[in-house]
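Asker: Here it is, the structure, as structure tokens.
The values are calculated or read from the model by the stated rules, or taken from the named source; none is laboratory data. Because the structure is predicted, anything quoted here is derived from the model rather than measured. Every residue, glycine as well, gets a Cβ built from its backbone with ideal geometry; the counts of neighbours run over all protein chains shown. Please note that ligands, DNA and RNA were not included when accessible areas were found on the heavy atoms of the full protein model with its side chains. Shrake-Rupley method; radii C 1.70, N 1.55, O 1.52, S 1.80 Å.
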Amino acid sequence: MSLARGDKLGPYEIIEIIGKGGMGEVYRAHDPRVGREVAIKVSAERFSERFAREARAIAALNHPHICTLYDVGPNYLVMELVEGVTLAEQIKDGPIPLEESLKIARQIADALEAAHERDVTHRDLKPANVKIKPDGIVKVLDFGLAKIGPRTGSGGERTPEESPTLSMAATQAGVILGTAAYMAPEQARGKEVDRRADIWAFGVVLYEMVTGKRLFQGEDLTDTLASVVKTDPDLNAAPQKVRRLLTRCLEKDPKKRLRDISVAWELLDDGPSAAPAAARAPARLLPWIAAAVFAIAAVVVLVLWAPWRATPSQPLRRLEVDLGAGLALAPVGDSVVISPDGTRLAYVASAGGGPSRLYIRRLDEAKATELAGTAGAQGVFFSPDSQWIGFGVGSKLNKISVEGGAVVPLGDIGVSAGASWAADSIVVGGALNRGLQRFPLAGGQPAKLTDLAAGQIAHAFPQILPDGKSVMFTLYAAGVTAQSIDVVPLAGGARKTVARGGTALAYVPTGHLLYINKSTLFAVPFDLKRLESRGTGVPILDDVRYAPNTNATDLSLSHNGTLVYRAGASGAGATSTLEWIDASGKRSPLLSKAGIYSMPRISPDGRKVALLVNEGGGQDVQVYDAQRDSFNKLTFNGATVAPVWSSDGRFMFFGNLVVKWTRSDGAGQPAALLDSKNLQSPWSFTTDGKWLAYLELGSGATQIFTVPLEEENGQLKAGTPEPYLKSTYNETFPQFSPDGHWMAYVSDESGQQEVNVRPFPAGQGGRWKISTNGGTAPHWSRASREILYQAGNQIMAVPYTVAGDSFVAEKPKVRVESLGGTDWDLAPDGRILVVKPATGANQPASAADHTVVFLDNFFDELKRRVPVN
């Protein structure tokens, strides 16, 4: 059924229909969460799990000449809305001039090269799938979707232009994909294809551009396919300059065909040299020509000799530096930083499984120095003069001299989302649910610099711009994977969006803005006076290690053009395994297969584990069954926060903007439990299953809510939610006690995160502080009367007793000296399950945990790759 203006498809508001294709109808729509218009392709069929998985892999493509795939719905794709005309529409007016054709072809080839490097084949390249924007930028549409789209019907014959573009049959042989006139012979025969099929289609498209004529034609689909398979292409109508290139692209045998699109331009034949014409110049011009040659030679000699000539461009030099096999660098995100003057490297690492500490190393020395008093350090950044290092510990902001000495406390503000040092203040990134804050170096309370608007969940990773008047930062919106980069005056004022689709890194004096999207570093010319980016981003590096959930990286620049970063394409460094830790401290593996796992939650019977699994850039809830050594995937459209089992294990709850639920056995479809404009995260159930505790992130502090639940005919219904505590502080990690009478939770009321216990419902008693020096992630043990919580890299245990309405907690004691991982959960039998970094002979990520990459002369490389003028 067609959609009308004002209809909604998921969160998207339909504006108008803009086309039809082999997949279905295409609509212009509005995404109110980020305020942008998108193109939505709607299929008559519901997508399969494989479709969703492969579409997300395609969404990982990020290139200035590839139309971005933003989102995948149950039967629709959300894509970048590209204004302009298609190449097919432009060719209708006749052949395109040769030089203009080559400019378009180069941009198409760049897109193909970028995709082929990631093993993605377009399989349906044709003029209708190429758009030319008003500024001349070319965008290739529907990249890779021919591989995964829905099967077309088996009805009547189609014309070549209407031939099926998409097929649910995915990659299996024997199924014809693509548009007939542009298919490679092996594709027309229904055989498996690779990048060489794209190169064939590139040749067909180039021929059509320069001649204005279709290379393969027929009265119907069958005739066209026969022409592709049997007829040798006649290239005489093409200009001489491109015939050799076309011949190599259009070899019917793929073994003889051009194998790499990146070398296509070596096959262009140049025209006749201009030298003979100069030799035939009239005799009366020869003295002037000789004089001109002499003058040019004199100028060249003068320029080469002149002491004021510019320093010649230096080649990029790459050096990998091992910081020490005994160290493990902290998780990605401001844990490795080079000083502005380029003389020192500061980094956060742990040794022997102990707590993270801050290290400093002069680049002219062989060894690093551990800076005393920095246990638990995170979010490292330098002062502009390179003499101080700022860092956070818990909810405290500190600084320490690069020469060592005492730690100087600056204030009660944590550094979990980046910080940047200005002349008189420090701008600190907002963690979840907070905007930027500006902390005065002279002391005092931090002041709000930005406020979150509706649908926004964080303003993070600030960078002071060279003018000292503005700060650039990354804006995260709920449910949106492609962030935007904004700028705001330090004195306060309106925000301005300067780029989309990445995480802000820095403005560099070459006149470029650097930003990151997944593992790729992009550079785009940037006008510092107007605060505007110009043109489209150009990929510079593609092996930057990043945090899958936040797109955070460890990448920094010195003023002299040295870039330092941690390598690990596609977040490979985040690979992990699952490991048991019993009461005696003995460790044993549960899941040895490495993956990107987080937030494990053990089923009430202790037999299965639900966790978030990141595959192809998408994160979903999966259930691991140890007895069968298999996974069962429960979500296919992304999950943003922890899975939570119902008390009887029949249902699974997770967060994707709002609280949703589904059957834990995989039957049925996920459904929303609650309706809210704020981001929600489910967390804990009472043992009887009648109450759910969840978090709600609005424009203020994160708060705990509780809601009653009941089941009707296999469907869950929520009652009226109520705030557990009405507080101006951040309250998180709510956990019901086994008897349902108490709630353990974490509050930052004291200035740092501490574990507390209150009665449930609230208001019927006092509050008891459980942790003694910071703590988070409380768990009630069902095997003993204890509360376990995390403090740094340790797991603490607190025995307790209950006397009437009083809760008596004993002194915390160390249960696990070194957790050795990130997320964890407590099993019914008292064992601890931890997500730990993958190690071993088959897991090279361990080497990346203590290795950084130095790129010298990076500014020169930027000037070469991305000219500003």
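Asker: For His63, what accessible surface area do you get with a 1.4 Å probe? Give it in Å², rounded to 10.
Answerer: 20 Å²
Asker: To check my understanding: the extent here is largest minus smallest coordinate of the Cα atoms along each principal axis. What are those three numbers for the range 493-570, in Å, largest first?
Answerer: If we take the Cα atoms of the range 493-570, the spans are 35, 30, 24 Å.
Asker: Something else now. What nm value, rounded to one decimal, do you get for the distance between Gln217 and Arg785 when each label is placed 7 Å out toward the C-beta?
Answerer: 9.0 nm
Asker: Hey, with R₀ at 41 Å, roughly what FRET efficiency would Thr728 and Ala491 work out to, going by the Cβ-Cβ distance, to 0.05?
Answerer: Efficiency, from the Cβ-Cβ distance: 0.95.
Asker: A further question follows. Mind listing the long-range amide H neighbours of Val38? Cut-off is under 5 Å, sequence gap 5 or more, other chains count too, H placed in the peptide plane at 1.01 Å from N.
Answerer: Ala29, His30, Asp31
Asker: Under 5 Å between amide hydrogens, which residues at least 5 positions from Asp527 or on another chain qualify, with H placed 1.01 Å from N in the peptide plane?
Answerer: Glu532, Ser533, Arg534
Asker: How long is the gain from Lys717 to Lys529 if the chain were fully straight, where each residue apart is worth 0.36 nm and the alpha carbon distance is subtracted?
Answerer: 62.2 nm
Asker: Then there is this: Just flag the chymotrypsin sites (Phe, Trp or Tyr not before Pro) in the range 619-708 sitting in loop per DSSP whose Cβ has no more than 12 other Cβ atoms within 10 Å.
Answerer: Working: sites: Tyr624, Phe631, Phe636, Trp645, Phe651, Phe653, Phe654, Trp661, Trp683, Phe685, Trp691, Tyr694, Phe705; in loops: Phe636.
Here no loop site has a sparse enough neighbourhood.
Asker: Now for a separate question. Specify whether the C-alpha gyration tensor of the range 524-604 places it in the rounded, prolate or oblate class, a ≥ b ≥ c being the square roots of the eigenvalues: rounded for a/c under 1.5, otherwise prolate if a/b is larger than b/c and oblate if not. Show your work: numbers first, answer last.
Answerer: On the way: a/c = 3.43, a/b = 2.77, b/c = 1.24.
It is prolate, given that a/c is not under 1.5 and a/b is the larger ratio.
Asker: What do the square roots of 5 times the Cα gyration tensor eigenvalues come to for the range 8-99, in whole Å, largest first, as semi-axes of the equivalent ellipsoid? Mind showing how you got there, number by number?
Answerer: Numbers: eigenvalues 131, 52, 42 Å².
Ellipsoid semi-axes (Å, largest first): 26, 16, 14.
Asker: Right, something else. When the chain is fully extended, how far beyond the present Cα-Cα distance does Arg767 get from Asp253, taking 0.36 nm per residue of separation?
Answerer: Full extension from Arg767 to Asp253 adds 177.3 nm.
Asker: Quick query: amide H of Ser425 versus all other amide H atoms, modeled in the peptide plane; which residues come in under 5 Å with a sequence gap of 5 or more or a different chain?
Answerer: The answer is Leu441.
Asker: I've got another one for you. List, in order, the whole-Hz ³J(HN,Hα) value for each residue of the range 513-519 obtained from phi through the Karplus relation with A = 6.51, B = -1.76, C = 1.60 and θ = phi - 60°; use x for Gly and Pro.
Answerer: 9, 9, 8, 10, 9, 6, 8
Asker: Ok, one more. With a bin width of 5 angstrom, please list the P(r) values of the range 582-663 as percents of all Cα-Cα pairs, from the 0 bin to the one holding the largest distance.
Answerer: That works out to 3, 14, 26, 25, 18, 9, 4, 1, 0, in percent per bin.
Asker: Taking only C-alpha pairs under 8 Å that are 6+ residues apart, what is the relative contact order of the range 671-782 in percent?
Answerer: Working: 248 pairs, mean separation 20.2, N = 112.
Relative contact order here is 18 percent.
Asker: For the range 642-722, what value does the Rg/Rh ratio take when both radii are computed over Cα atoms and Rh is the Kirkwood radius, given to two decimals?
Answerer: For the range 642-722, the value is 0.94.
Asker: Give me a comma-separated list of calculated 3J(HN,Hα) values for the range 553-564, in order, Karplus coefficients 6.51, -1.76, 1.60 applied at θ = phi - 60°, integers in Hz, x for any Gly or Pro.
Answerer: 9, 10, 8, 9, 10, 8, 5, 8, x, 8, 10, 10
Asker: A further question on this structure: Could you calculate the contour length gain from Ala44 to Arg865, that is, 0.36 nm times the residue separation minus the distance between their Cα atoms, to one decimal place in nm?
Answerer: Numbers: separation 821, 0.36 × 821 = 295.56 nm, distance 4.37 nm.
Net length gain for the segment: 291.2 nm.
Asker: Taking 7 Å along the Cα-to-C-beta vector as the label spot, tell me the Leu267-Thr231 distance in nanometres, rounded to one decimal.
Answerer: 2.1 nm
Asker: Could I ask something else about it? Filter the cross-link list Lys252/Lys593; Lys717/Lys813; Lys448/Lys529 down to pairs whose alpha-carbon distance in this structure exceeds 32 Å.
Answerer: Beyond 32 Å: Lys252/Lys593; Lys717/Lys813.
Asker: Asn75 versus Arg118, label points 7 Å from Cα toward the beta carbon: distance in nm?
Answerer: Each label point is offset 7 Å from its Cα along the Cβ direction, giving 2.8 nm.
Asker: Enumerate the whole-percent occupancy of each 10 Å bin, from 0 to the last occupied one, for all C-alpha pair distances of the range 1-46.
Answerer: Per 10 Å bin, starting at 0, the Cα pair percentages come out as 30, 57, 14.
Asker: Per residue of the range 768-776, what does 6.51 cos²θ - 1.76 cosθ + 1.60 with θ = phi - 60° give for ³J(HN,Hα)? Whole Hz please, x for Gly and Pro, Karplus curve as stated.
Answerer: Here the 3J(HN,Hα) series is 10, 7, 9, 7, 10, 8, x, x, 8 Hz.
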